[in-house]
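The next block holds one structure in the form of structure tokens; read it before the comments.
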Amino acid sequence: MSFIIALHIGEGLVMASDSRITYNTTSNDVNGVKSIQLGIHFSNSTPKTFLTSSNVGISYCGDSSINNKPITGYIESFVEEHKDDTVKTIKDAVIPYFTELVANLNTTFIIGGYANEEGGIKQKLYRINTKTKKVEDVDTSTQGALWSGEIDVMSRVLTTVYSKTGENKYDEIVSYPILWQYFTLQDAVDFARYAIKTTIDTIKFQSRVKTVGGPIDILVIKPTEAFWIEKRRLQ
């Protein structure tokens, strides 16, 4: 499934992802009743965040195979075809391009960059699902973050928890909010790395398919430039 995250900060965008792809199958239990998901193979060398020459970032999670090939090559072809396009043009092209390849592909894309609009250069961030054809225009007027994929670990970390003290009585366990409004660009990079690393380390010890892992790629996009903080290379 993977874990991808994007943070929108006044200074810029931070997009990050893990690099594990898991190939799964299902098997029935001894009674032939319950279906069990099995991870039969994985790779820790799959890039999930990409950058176009026009400084648009693209991250993906979900279905990672098209026509019995990794989706990576198809995304690289998409990036090449749209290398000079604006973030808005790329946003509009994602669903038609990938659903033409596979009609029921269930892949989520996060697209980020900057657009020239009336009033100046504006930060743009979109989350797109090819199966539902939903395009979410993320509000970047305030600082924050969004993530997709295996989100249960971070959801538990950030969700307020209550303990039951009696019949229909609950006490809130002390929790502390994330102060997105005070994040610097470095804070955003640190949080992106923390979110993916925490997910990887938690899943490692849980009784579940190890769907998040491998090296972490971190991309920074600013109004006038884009650069990699961490990027796995061929060796």
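So here's what we get for this one:
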{"read-out": "Looking only at the range 123-136, and only at residues there that are without any contact (Cβ under 8 Å) to a residue 12 or more places away in the chain and assigned to a strand (DSSP E or B), the one that is farthest from THR107 (Cα to Cα)", "value": "GLU136"}
{"read-out": "Test: residue in the range 159-178 that is modelled with pLDDT of 90 or more and over 16 Å from the mean Cα position of the chain (by Cα)", "value": "yes"}
{"read-out": "ILE203 surrounded by 15 or more Cβ atoms within 10 Å (Cβ to Cβ), more than 25 Å from GLY10 (Cα to Cα) and free of Cβ contacts under 8 Å to residues at least 60 places away in the same chain", "value": "yes"}
{"read-out": "Residue within the range 61-82 that is at pLDDT below 95, under 30 Å from THR184 (Cα atoms) and of a type in the set (A, V, I, L, M) present", "value": "no"}
{"read-out": "Subset of the range 83-122 (residues that are open to solvent by less than 50 Å² (accessible area, probe 1.4 Å), of a type in the set (A, V, I, L, M, F, W, C) and free of Cβ contacts under 8 Å to residues at least 60 places away in the same chain)", "value": "VAL87, ILE90, ALA93, VAL94, ILE95, PHE98, VAL102, LEU105, PHE109, ILE111, ALA115"}
{"read-out": "Strands (runs of 3 or more DSSP E) within the range 139-220 that include 1 or more residues among the polar types (S, T, N, Q) and in contact with an Asp or Glu (Cβ under 7 Å, 6 or more places away or on another chain)", "value": "162-166"}
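The values are calculated or read from the model by the stated rules, or taken from the named source; none is laboratory data. Values in this document were obtained by computation on a predicted structure and should not be read as measured data. Here the Cβ is made from the backbone with ideal geometry for all residues, glycine too, and neighbour counts use every protein chain on show. For accessibility, only protein heavy atoms count, side chains too; no ligands or nucleic acids. Shrake-Rupley method; radii C 1.70, N 1.55, O 1.52, S 1.80 Å.
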